[in-house]
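What follows is one structure encoded as structure tokens, with my remarks underneath.
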Amino acid sequence: MSMGSNEKRKMRIDWLQKARDSWSHRGHKRPPFAIEPKKGQRSVWDFPRPPIIEKVNKLVRVQHKEIQIAHSRNALAILETASPPTYYIPKEDINRNTLVSIPSKTSMCEWKGNAVYWALNIMIEHPVAWSYPNPFPEFEDLKDHIAFYPQRLQCFVDEERVMAQSSAFYAGWITTDLTGPFKGEPGTEHW
């Protein structure tokens, strides 16, 4: 006997609520192990959960070797407790000829919705980016944006080369104005 659409919807809603409720740190109080930010820095432990969108006026660039993939002063950053920001670049500021979709790869974020993935057209075996074509209403602003993995590409914020978050799954951009520790490092699985 197959599951009906109402049962599937209820299971999805239950999963989303359980995933959202599972987070113990929500940005209200910095935990004792958090690194104290210096002047001009922000602690990722002050970022909220659920996450928020922040407009970025700095120059955000993405490239692969000498190929420029994205160049924007209109990016959006997702700020979420314990993680460095992920940058979402408007599609109009991306050289879309460099990317191909990966129809077989998708995932679900409890806050943003269903993600689809992108690869470089010269390196199609690995995803280098993702997007939310139909995000949940709270994240509608991400609809026409693509985010990139700094683990696989060279990513810059105002000419500072970002460090990748220590994870194959998470794709936060670590810059010198942030303090952690950051989710994805060894021993952080329970955050």
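The values are calculated or read from the model by the stated rules, or taken from the named source; none is laboratory data. These numbers were taken from a predicted model, which means no experiment stands behind them. A quick note on method: Cβ atoms are made from the backbone with ideal geometry, for glycine too, and the neighbour counts reach across all protein chains shown. Protein only, heavy atoms only, side chains kept; ligands, DNA and RNA dropped before computing areas. Shrake-Rupley method; radii C 1.70, N 1.55, O 1.52, S 1.80 Å.
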Residue among Pro37, Pro85, Pro32 that alone is under 14 Å from Gly180 (Cα atoms), touching a residue at least 40 places away in the same chain (Cβ under 8 Å), open to solvent by 10 Å² or more (accessible area, probe 1.4 Å) and not charged (D, E, K, R): Pro37
Looking at region 107-122, can you tell me whether even one residue there is among the aromatic types (Phe, Trp, Tyr), part of a strand (DSSP E or B) and out of contact with any Pro (no Cβ under 7 Å at 6 or more places or on another chain)? no
Just to verify a result, which residue in region 88-125, among those that are within 19 Å of Leu153 (Cα to Cα), open to solvent by 80 Å² or more (accessible area, probe 1.4 Å) and not charged (D, E, K, R), is nearest to the chain's Cα centre (by Cα)? Ile124
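Here is a yes/no grid of residues against (1) modelled with pLDDT of 95 or more; (2) more than 18 Å from the chain's Cα centre (by Cα); (3) of a type outside the set (D, E, K, R):
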position: Arg30; (1), (2), (3): no, yes, no
position: Lys38; (1), (2), (3): yes, yes, no
position: Asp46; (1), (2), (3): yes, no, no
position: Gln63; (1), (2), (3): yes, no, yes
position: Ala70; (1), (2), (3): yes, no, yes
position: Asn74; (1), (2), (3): yes, no, yes
position: Ala77; (1), (2), (3): yes, no, yes
Count, please, the residues in region 141-161 that happen to be open to solvent by less than 60 Å² (accessible area, probe 1.4 Å) and more than 20 Å from Ser131 (Cα to Cα). 1
Taking the options Asp158, Asp144, Asp93, name whichever one is among the charged types (D, E, K, R), modelled with pLDDT of 95 or more and in contact with a helix residue (DSSP H, G or I) (Cβ under 6 Å, 6 or more places away or on another chain). Asp144
Quick check on Pro133: is it part of a strand (DSSP E or B), modelled with pLDDT of 95 or more, within 18 Å of Ile53 (Cα to Cα) and not small (Gly, Ala, Ser)? no
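Test Tyr170 against the criterion of being among the hydroxyl-bearing types (Ser, Thr, Tyr) and either without any contact (Cβ under 8 Å) to a residue 12 or more places away in the chain or open to solvent by less than 20 Å² (accessible area, probe 1.4 Å) (or both), and give yes or no.
For Tyr170, the condition - among the hydroxyl-bearing types (Ser, Thr, Tyr) and either without any contact (Cβ under 8 Å) to a residue 12 or more places away in the chain or open to solvent by less than 20 Å² (accessible area, probe 1.4 Å) (or both) - is not met.
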Show the residue pairs that are 6+ apart or on different chains and have beta-carbon atoms under 9 Å apart, the first residue being within region 46-57 and farther than 27 Å from Phe33 by Cβ, the second being among the basic types (Lys, Arg) and loosely packed, with under 15 Cβ neighbours inside 10 Å. Val56/Arg73; Asn57/Arg73
Can you tell me which residues in region 54-82 are in a strand (DSSP E or B), open to solvent by 30 Å² or more (accessible area, probe 1.4 Å) and closer than 10 Å to Val157 by Cβ? Arg61
Every residue from region 84-106 that is out of contact with any Leu (no Cβ under 7 Å at 6 or more places or on another chain) and part of a helix (DSSP H, G or I): Lys91, Glu92, Asp93, Arg96, Asn97
